[in-house]
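Colleague: Please read through the structure below; I'll follow up with questions.
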Amino acid sequence: MKEKRETLFFEVKPHVWRLEEEGQSFAVKRYKDSKGAGKVRKLHNQLQAVGFPYIAPLTDKGTDHLIIQPWLSGTRPVDYASITDRRASLRSLNALHATREVIDWNSVTYLPRFNLHRKWVRRLERFRQQEELIAGHIGTSAFSDICLYAEEALLRLEGVSEKEEVPTILHGDVVHHNLLAADDGTVYLIDFDLAAVGSASAEIALWLHRVLPHMAYDGEQLFRELPRLQELSEEALIMLQYPNEVMREWLYFAGLPDPGRHRIRNHLVQFTKQGLHAWPGLCRFSDSQLQRKQDRT
């Protein structure tokens, strides 16, 4: 008689588990409602139907609230400090955006429309509301500089005039642990909870915001190693001037209890100093790329 193997659950993070059953491993994610799970399920089904290779397939084990996929063994979060991982992660994102050639994402009704400008306006408002807390750690001058950079970038984004890109699917959250690198160099995309329809250039700009701190904000080097970036829209180049990561990290800090703040405070202060030191140079680089783009047209 065949012995029945025990089913084991290991919590990875809140609402996410690793399931081991009958010699196989699965990733299990529980959503607060069926709408969230349904969105991810529909998205995966559409991508699998066109043979998109950079996602894990869904299983039929899920329910209205649960998404279950094979566990991607032998993978790790991408390291944005690695040129190999930068190239591979950009390749996967480009491939995701290129699915607009075979899927009319603009007609999809279950995905929201991506409005980064509105999101960033709201982020600046929330950042200002935390002035007393944040300025207490980095000083009033640094706080004011961050706000000024954000204001100027938003103002320039309002005035940009360019040809509209064909809308496509956006992953929506390109943090390193949502892009998993396999031993063969393939980078898989996971956690499509924030997926939306919008401009591919906008998502690449968000990817750049994640990458540049790992390269001392050296835009010249990054654009040399990844020629694809020369094709970025004017809007995306201006987006580089918005201090998104510094503001996002401080807002995360503001939402933590005191012990959590204590653990990351010194790192975050240093991260902010490095960013502000590099920001004038990054803005000059962005402007130079904008000028080259305009000269070519």
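The values are calculated or read from the model by the stated rules, or taken from the named source; none is laboratory data. Everything numeric in this text was worked out from a predicted model, so none of it was measured. Reconstructed Cβ throughout: ideal geometry from the backbone, glycine too, with neighbour counts over all protein chains shown. Surface accessibility is based on the protein's heavy atoms, side chains included, excluding ligands, DNA and RNA. Shrake-Rupley method; radii C 1.70, N 1.55, O 1.52, S 1.80 Å.
Colleague: If you count only protein heavy atoms with a 1.4 Å probe, what accessible area per residue comes out for segment 117-245, rounded to a whole Å²?
Modeller: For segment 117-245, the solvent-accessible area averages 43 Å² per residue.
Colleague: Right, next: Please sort 275-283, 55-63, 191-199 by packing, taking for each peptide the average over its residues of neighbouring beta carbons within 10 angstrom, highest first.
Modeller: For the peptides 275-283, 55-63, 191-199, the packing ranking is 191-199, 275-283, 55-63.
Colleague: So I have [x] 20.7, 76; [y] 24.1, 79; [z] 18.9, 55, and one of them is Rg and Dmax of the Cα atoms in Å calculated from this model. Which one is it?
Modeller: Identified label for the calculated read-out: [x].
Colleague: What accessible area per residue, rounded to a whole number of Å², is obtained for segment 76-115 using a probe radius of 1.4 Å?
Modeller: Ligands and nucleic acids excluded, the result is 51 Å² per residue.
Colleague: Dipole of segment 113-222, Cα-centred, from +1 at each Lys and Arg C-beta and -1 at each Asp and Glu C-beta, to the nearest 20 debye?
Modeller: So the magnitude is around 380 debye.
Colleague: Could I ask something else about it? For the chain, what is the number of Lys pairs with C-alpha distance below 29 angstrom, counting only pairs 8 or more positions apart or on separate chains?
Modeller: 28
Colleague: A follow-up question, please. Hey, any idea what % of segment 107-218's accessible area is carbon plus sulfur with a 1.4 Å probe?
Modeller: Carbon and sulfur: 49 percent of the exposed surface of segment 107-218.
Colleague: Let me ask another. Going by average Cβ density within 10 Å per residue, which order do the peptides 251-263, 25-37 take, highest to lowest?
Modeller: The packing order, highest mean first, is 25-37, 251-263.
Colleague: Within 10 Å of each candidate Cβ there may be at most 11 other Cβ atoms; applying that plus a DSSP loop requirement, which GluC sites (Glu not before Pro) in segment 1-50 survive?
Modeller: Taking segment 1-50 and a limit of 11 other Cβ atoms within 10 Å, the loop GluC sites (Glu not before Pro) found are Glu3, Glu6, Glu22.
Colleague: Now a separate question. Using just the helices of the chain, give the 222 nm mean residue ellipticity in deg cm²/dmol: DSSP H runs with n ≥ 4 each add -39,500 (n - 2.57), and the total is spread over all residues, rounded to 500.
Modeller: -16500 deg cm²/dmol
Colleague: Leaving out ligands, DNA and RNA but keeping every protein chain, what accessible area does Arg128 have, in Å² rounded to the nearest 10, with a 1.4 Å probe?
Modeller: Taking all protein chains as shown, Arg128 has close to 100 Å².
Colleague: So if I place +1 on the C-beta of Lys and Arg and -1 on the C-beta of Asp and Glu, and nothing else carries charge, what would the dipole magnitude of the chain be about its Cα centre? I want it in debye, nearest 20.
Modeller: Using Cβ point charges on Lys, Arg, Asp and Glu, the chain gives about 400 debye.
Colleague: Order 201-211, 215-225 from most to least packed using the mean count of other Cβ atoms within 10 Å.
Modeller: By packing density, highest mean first, the sequence is 201-211, 215-225.
Colleague: While we're here: Would you be so kind as to identify which of Val269, Leu124, Val28 lies farthest towards the positive end of the dipole of the chain, taking Lys and Arg as +1 and Asp and Glu as -1 on Cβ and the Cα centre as origin?
Modeller: Val28
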